[in-house]
1. Rounded to whole Å and ordered largest first, report the semi-axes of the equivalent ellipsoid of the range 132-272 derived from its Cα gyration tensor (root of 5λ).
2. What's the extension gain from residue 17 to residue 194 if we count 0.36 nm per residue and subtract their Cα-Cα distance?
3. So in the chain, what percent of DSSP beta bridges are antiparallel if you round to the nearest 5?
4. Which sequence of 30, 176 reflects their accessible areas, 1.4 Å probe, from the largest down?
5. Roughly speaking, to the nearest percent, how much of the range 216-272's 1.4 Å accessible area is carbon and sulfur?
6. How large is log10 of I(q)/I(0) for the range 203-242 at q = 0.19, 0.29, 0.35 Å⁻¹ when the intensity is taken from the Debye formula with one equal scatterer per alpha-carbon?
7. Give me the tail of P(r) for the range 114-211 as a percent: Cα-Cα pairs with distance above 25 Å.
8. Could you name the lysines whose alpha carbon sits less than 16 Å from that of residue 260, not counting residues in the same chain fewer than 8 places away?
Amino acid sequence: MGHYINTENNVQIYAEDIGEGQPVIFLHGWPLNHGMFEYQMNELPKHEFRFIGIDLRGYGKSDRPFNGYDYDTMADDLHEVIQKLDLKDAVLAGFSMGGPIALRYMSRYDGDRISKLLLLSPAAPIFTKRDDYPFGMEKEEVDTLIDQLKKDRPHAIASFGEKFFEKEPSEEFQQWFLNMAISSSSYGTIHSAIALRDEDLRNELSGIAAPITILHGKKDQICPYDFSVQLADQLPNAKLVPFEESGHGVFHDEPEKYKKQILEFLQSSSLE
């Protein structure tokens, strides 16, 4: 079942809604959509969890306004979905760019209706290097990517995707993934890259008290594993689970361990 949720700014956000039980809300990465969680969509309803896959504005089946790709606005969109679907005691799961959006929601709305947080290869607390933060891409590298997106977006996304997986996917899987990414709006893709380049969540982490599990590949070439080391150190109630043989796309590189860790966290009453 799919829902179109109308926000206060008259932007419709699409949410795929499968199964019954405790809701688990998934936020996709850049520049994908809820379809990247196909395997969780197939699996979680069998374990009495309700899969909610959100297409962020500009992506998938959601509306594609020209503006509003900062983390605050996308967290506001998420809040509208949670309120209008009347989701309670939900688990919020964010992959890559979805990770900082989930964290911004937790700080901006004081974790309203969210009981636990799952961060999957998160692009947080910052995606780009600072004088006091030596991890991630240089800002100039993201600027170059943005320029490439403006000139030849399919090639830029395909080149970016070459760093996504540690284990070589099949040609068909790679094409499916690329098609998903290219289907996103051009300006949404560009403006989201600007948000990734500029946003900084470090000052809001200490106030997020919900139980958190972080799953991150040790060989990640897009969001370095050091990101999650920083998060685990700064979030009061976080547990970091390393994936030794995975790159950014942990769900592809170590799928059985990934599934096991997600289910264990969802089925746990609290962090041990």
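The values are calculated or read from the model by the stated rules, or taken from the named source; none is laboratory data. What you see is a predicted model, and the numbers here were worked out from it, not measured in a lab. Here the Cβ is made from the backbone with ideal geometry for all residues, glycine too, and neighbour counts use every protein chain on show. The accessibility values were calculated without ligands, DNA or RNA, using every heavy atom of the protein model including side chains. Shrake-Rupley method; radii C 1.70, N 1.55, O 1.52, S 1.80 Å.
1. Working: eigenvalues 156, 88, 35 Å².
Its equivalent ellipsoid spans semi-axes of 28, 21, 13 Å.
2. 60.7 nm
3. Working: 11 of 38 bridges.
In the chain, DSSP labels about 30 percent of beta bridges as antiparallel.
4. On the way: 30 15, 176 75 Å².
Descending accessible area places them as 176, 30.
5. Values: 1140 of 2620 Å².
In the range 216-272, the share of accessible area belonging to carbon and sulfur is 44 percent.
6. After summing over all Cα pairs, the log10 values are -0.51, -0.95, -1.17.
7. Working: 1524 of 4753 pairs.
For the range 114-211, the share of Cα pairs beyond 25 Å comes to 32 percent.
8. 46, 239
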